[in-house]
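Please read the structure below before turning to the comments.
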Amino acid sequence: MLLIKIGGGKELNLEGIISDLAALNEKFIIVHGANALRDELAQKLNYQKKVVTSLSGYDSVFSDGTTIDLMMMAYAGLKNKRIVELCQQKGINAIGLSGLDGKVIQGKRNSGIKVREGGKTLLLRDFSGKPKAINKVLLELLLENGYTPVLSVPLIDENNFAINSENDDIVALLQTEFKAEKVISLIEAPGFLLDKNDPDSLVSKMSKTELEEMEQKVDGRMKRKILAIRKLFEGGDTTVIISDGRTEHPIADALNGKGTTIQ
């Protein structure tokens, strides 16, 4: 069993990723992003997204109602169905689901994000939250009958509203339930870089005990991502591979040791 996280960058080689997956003789679940597409749609609709930084130093997109609409269009709509289309073309019988569908990913809405603005501490409340439960029965039903789930935000909250969430947290929750042997995260970089602007700063191997130390060395969204990677190991032993999704054969490269392997 594999968990495949496809980032939302514009440069990822989706056709190469899906072709590689079609050649595997394993079951897998895909979780994908669509941030580049979301931002393109926002620009066309003349909407400016807002990124806020919590007091603890984690960046996130402020998710108002318009942001959720954009996510439904970009993530659950166009990107999800294009990936499903590619899967079908390559012989993978995929089915695309947002967290709303069949309550496949249930979350709890955040009580608020504490931020500093204008010298004051403010509590901002939006449509965002944390994934708390997976509809494992539905996912197992699909997997056991030859379907490959392709999952995206938004999730469904405790009051049945659509909410935004971090894909890294969704993958961590899936790992807790499915105990995947490998978790492959495909990004627009060679792997985990000590300096995001220097490809030569790639860390090829890392132990899970080093992650906490690494978290202290980075900031912004990477800080949040490392925290989520640490959570992957709370569900049991696994191998996490962070690899380049832009290459000709992204999945094959990841399985052959390219990128960053964390054990």
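Can you pull out every residue in region 26-44 that is touching a Ser or Thr at 6+ places or on another chain (Cβ under 9 Å) and either under 20 Å from Asn13 (Cβ atoms) or in a strand (DSSP E or B) (or both)?
Phe28, Ile29, Ile30, Val31, His32, Gly33, Ala34, Arg38, listed by residue number.
Which ones in region 117-155 are out of contact with any helix residue (DSSP H, G or I) (no Cβ under 7 Å at 6 or more places or on another chain) and charged (D, E, K, R)?
Passing the criteria: Glu117, Lys120, Arg125, Asp126, Lys132, Glu140, Glu144.
Which of the helices (runs of 4 or more DSSP H) contained wholly in region 63-158 include at least 3 residues that are modelled with pLDDT under 95?
65-73
Filter region 90-143 down to residues that are among the hydroxyl-bearing types (Ser, Thr, Tyr) and buried (at least 18 other Cβ atoms within 10 Å of the Cβ) and give me whichever is nearest to the chain's Cα centre (by Cα).
Ser98
Search region 146-158 for residues that are in contact (Cβ under 8 Å) with a residue 60 or more places away in the chain and of a type in the set (Gly, Ala, Ser) and pair each with any residue that is surrounded by 20 or more Cβ atoms within 10 Å (Cβ to Cβ) and in a loop (DSSP other than H, G, I, E, B) when their beta-carbon atoms are under 9 Å apart and the residues are at least 6 apart or on different chains.
Ser152/Gly33; Ser152/Ala34; Ser152/Gly99
Is there a residue in region 205-227 that is outside any strand (DSSP E or B), within 25 Å of Ile134 (Cα to Cα) and touching a Leu at 6+ places or on another chain (Cβ under 7 Å)?
yes
The values are calculated or read from the model by the stated rules, or taken from the named source; none is laboratory data. Predicted model only: the values in this text are computed from it and were never measured. With ideal geometry, Cβ positions are generated from the backbone for all residues, glycine too; neighbour counts draw on all protein chains shown.
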